[in-house]
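Chemist: This is the structure I have questions about; it appears just below.
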Amino acid sequence: MQPMDRRKRLVVVTTSAFVLAAFAFGASHVATSSRRSSWKLVNLGTAPGYKMADVQPYGLNDRGEVVGTLEETVNGKLIIRAFVWKNGTMTLLKNGGEATAVNNRGTVIGTPIDTGSPSVGAVWKGSHITGLGTLGGSWSNPLAINERDQIVGDSVTANGQLHAFLWNAGAMTDLGTLRGTSSSSAIAINTRGQIIGTSTKPGGATRGFIWQNGRMTDLGSLFGADNRPVAISDQGVVVGTITTRLGNPIVAFKWERGLLTNLGRFDAPASQAQDINNQGVILVEAMSASGNPQSALILDHGKAIDLGSLGWGLTTFGNHLNDRNQVVGSSFTRSGGRRSFVWQRGKMTALPTYDGVAPPWGGVSQLNELGDVTGTAYPTHHVAGVIWRSVQR
């Protein structure tokens, strides 16, 4: 699954004509619940003492807890604080400056309040805060956490290099770099402790990796281009995008047990992968030549299913996919506005707005396994954090 979530013998498979033919557009055979959902918009509000704060949610767990950051300018000074929202109440984290993710145990990762010096990542369990430490340098940055409270991210080493790390039970481990590269960053970790990330050469060339059983393995490449993984399932299947040196997408890929597969471009100039769930279903976007999304699709074990749009086939962005095969994203409407949506079983549903008409002009940030969605909306002149609660019908 994605995070956030920013490699043994290598076999490369390119997509031939007969493989592309297998990705025929058609009705979904994705297994989902027979019950449909509607969604209720709930404003997260703000913390006591902060009346006009911009609220940006970043993390959402299956207990409906939301974490994120609020910002407000007070007497000309920008105040940034981390929060947890639960059951209608927002609470500021002790010494918290930014909260980026929360697992189903309620463990939160982020960074402390900015003191003007480099920050060291932190983990909160209830009211208790623990510094993660560093790899010998001045700062560390946690990016993802799994259900075993294992945390990954990147940190500066004693010699000033940026390296990926794993923090487990109070100890931080340097994951190193791929051969021929000088820096690395870990972006996601699954329940089995498998980690994905990128390792970069001094000149900027980027290679994706998977770290497992104490060893970092190159994911390989297609066309000699850069490899940027974005998500890993609990089965260890990795998806990502082959890109140019500047990060522009070329084609989405899947990596499984040493096999790197070109997922195709879906009649578009390029494609990029966004997420994978534990059913093996993959969320991708077909991209324009300029690198902008054109449409979102799911790949369901050999079949490509176009999610459609909210009006006249206009651009659709796909953000996240859960194990119920629900997809969240945003789509432009006939009137030119952008609306957030949930797609399930072939139907795209626009998420409600404050007045029922005006687009929120914010967007979704996370989706949990219950179908709850968190994101932002703009009801006035500030950014409001919201959660769309799933209501089963």
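The values are calculated or read from the model by the stated rules, or taken from the named source; none is laboratory data. The shown structure was predicted, so the numbers you read here are calculated from the model rather than taken from an experiment. Neighbour counts run over all protein chains shown; Cβ positions are idealised from the backbone, glycine included.
Chemist: With respect to L41, determine if the residue is at pLDDT 90 or above, in a strand (DSSP E or B) and more than 19 Å from T111 (Cβ to Cβ). It would help to see each step written out before you state the result.
Modeler: Values: at pLDDT 90 or above: yes; in a strand (DSSP E or B): yes; more than 19 Å from T111 (Cβ to Cβ): yes.
Criteria met by L41.
Chemist: Something else now. Quick one: how many residues across the range 209-229 are polar (S, T, N, Q) and part of a strand (DSSP E or B)?
Modeler: Looking only at that region, the number is 3.
Chemist: Of the conditions (1) closer than 16 Å to L370 by Cβ; (2) at pLDDT below 90, N325 satisfies every one except a single condition; which number is it?
Modeler: (2)
Chemist: Restrict the check to the range 12-30 and report whether at least one residue is assigned to a strand (DSSP E or B), at pLDDT below 85 and closer than 30 Å to Q194 by Cβ.
Modeler: Taking the range 12-30 as the starting set, the residues that turn out to be assigned to a strand (DSSP E or B) are 12-13, 25.
Among the residues that remain, those that are also at pLDDT below 85 are: 12-13, 25.
Adding the requirement that they be closer than 30 Å to Q194 by Cβ leaves 12-13.
Yes, some residue in the range 12-30 is assigned to a strand (DSSP E or B), at pLDDT below 85 and closer than 30 Å to Q194 by Cβ.
Chemist: Another question, then. Restricting to the range 205-224, give me the number of residues that are on the phi > 0 side of the Ramachandran plot and surrounded by fewer than 17 Cβ atoms within 10 Å (Cβ to Cβ). Full working, then the answer.
Modeler: Quick first cut of the range 205-224, residues on the phi > 0 side of the Ramachandran plot only: 213-214, 220, 223-224.
Narrowing the set further to residues that are surrounded by fewer than 17 Cβ atoms within 10 Å (Cβ to Cβ) leaves 213-214, 223-224.
Of the residues in that region, 4 qualify.
Chemist: Here is a check on your reading of the model: is S140 within 30 Å of E285 (Cβ to Cβ), in contact with a Leu (Cβ under 8 Å, 6 or more places away or on another chain) and polar (S, T, N, Q)?
Modeler: On the way: within 30 Å of E285 (Cβ to Cβ): no; in contact with a Leu (Cβ under 8 Å, 6 or more places away or on another chain): yes; polar (S, T, N, Q): yes.
For S140, the condition - within 30 Å of E285 (Cβ to Cβ), in contact with a Leu (Cβ under 8 Å, 6 or more places away or on another chain) and polar (S, T, N, Q) - is not met.
Chemist: Can you pull out the strands (runs of 3 or more DSSP E) entirely within the range 65-156 that have at least 1 residues that are under 26 Å from V364 (Cβ atoms), more than 19 Å from the chain's Cα centre (by Cα) and of a type in the set (F, W, Y)? If you could, list the steps in order and put the result at the bottom.
Modeler: On the way: elements: 66-74, 77-86, 89-92, 96-102, 108-112, 122-125, 128-131, 136-145.
Passing ranges, in order: 77-86, 122-125.
Chemist: Kindly evaluate T261 against the criterion of being crowded, with 18+ Cβ neighbours inside 10 Å, among the β-branched types (V, I, T), touching a helix residue (DSSP H, G or I) at 6+ places or on another chain (Cβ under 9 Å) and more than 18 Å from Q212 (Cβ to Cβ).
Modeler: Values: crowded, with 18+ Cβ neighbours inside 10 Å: yes; among the β-branched types (V, I, T): yes; touching a helix residue (DSSP H, G or I) at 6+ places or on another chain (Cβ under 9 Å): yes; more than 18 Å from Q212 (Cβ to Cβ): yes.
So T261 fits the description; yes.
Chemist: Within the bounds of the range 182-197, is there any residue that is surrounded by fewer than 18 Cβ atoms within 10 Å (Cβ to Cβ) and in a strand (DSSP E or B)? Steps first, answer last, please.
Modeler: Pass one, the range 182-197, residues surrounded by fewer than 18 Cβ atoms within 10 Å (Cβ to Cβ): 182, 191-193.
This time we only want the ones that are in a strand (DSSP E or B), so: none.
No, every residue in the range 182-197 fails to be surrounded by fewer than 18 Cβ atoms within 10 Å (Cβ to Cβ) and in a strand (DSSP E or B).
Chemist: If D62 satisfies every condition in (1) crowded, with 20+ Cβ neighbours inside 10 Å; (2) modelled with pLDDT of 95 or more but one, which is the exception?
Modeler: Every listed condition holds for D62 apart from (1).
Chemist: Examine the range 230-249 for a residue that is among the charged types (D, E, K, R), in a strand (DSSP E or B), under 16 Å from the mean Cα position of the chain (by Cα) and under 21 Å from V328 (Cα atoms), and state whether such a residue exists. Show your work before the answer.
Modeler: Just the residues of the range 230-249 that are among the charged types (D, E, K, R), to begin with: 234, 245.
Filter once more, so that each one left must be in a strand (DSSP E or B): none.
Checked the range 230-249: no residue is among the charged types (D, E, K, R), in a strand (DSSP E or B), under 16 Å from the mean Cα position of the chain (by Cα) and under 21 Å from V328 (Cα atoms).
Chemist: Looking at this structure, is I109 surrounded by fewer than 19 Cβ atoms within 10 Å (Cβ to Cβ), within 26 Å of A384 (Cβ to Cβ) and of a type in the set (V, I, T)? If you could, list the steps in order and put the result at the bottom.
Modeler: On the way: surrounded by fewer than 19 Cβ atoms within 10 Å (Cβ to Cβ): no; within 26 Å of A384 (Cβ to Cβ): yes; of a type in the set (V, I, T): yes.
Spelling it out, it is not the case that I109 is surrounded by fewer than 19 Cβ atoms within 10 Å (Cβ to Cβ), within 26 Å of A384 (Cβ to Cβ) and of a type in the set (V, I, T).
Chemist: Tell me, which residue of the range 116-157 that is among the hydrophobic types (A, V, I, L, M, F, W, C), in contact with a Ser or Thr (Cβ under 9 Å, 6 or more places away or on another chain) and over 19 Å from N104 (Cβ atoms) is surrounded by the fewest Cβ atoms within 10 Å (Cβ to Cβ)?
Modeler: Restricting to residues being among the hydrophobic types (A, V, I, L, M, F, W, C), in contact with a Ser or Thr (Cβ under 9 Å, 6 or more places away or on another chain) and over 19 Å from N104 (Cβ atoms), the top hit is W139.
Chemist: Please find, within the range 286-316, the residue that is surrounded by the most Cβ atoms within 10 Å (Cβ to Cβ) out of those that are in contact with a Phe, Trp or Tyr (Cβ under 6 Å, 6 or more places away or on another chain) and in a loop (DSSP other than H, G, I, E, B).
Modeler: In this case the residue turns out to be L307.
Chemist: Is there a residue being in contact with a Pro (Cβ under 9 Å, 6 or more places away or on another chain) and surrounded by fewer than 24 Cβ atoms within 10 Å (Cβ to Cβ) anywhere in the range 229-241?
Modeler: Within the range 229-241 (the criterion being in contact with a Pro (Cβ under 9 Å, 6 or more places away or on another chain) and surrounded by fewer than 24 Cβ atoms within 10 Å (Cβ to Cβ)), the answer is no, since none of the residues qualifies.
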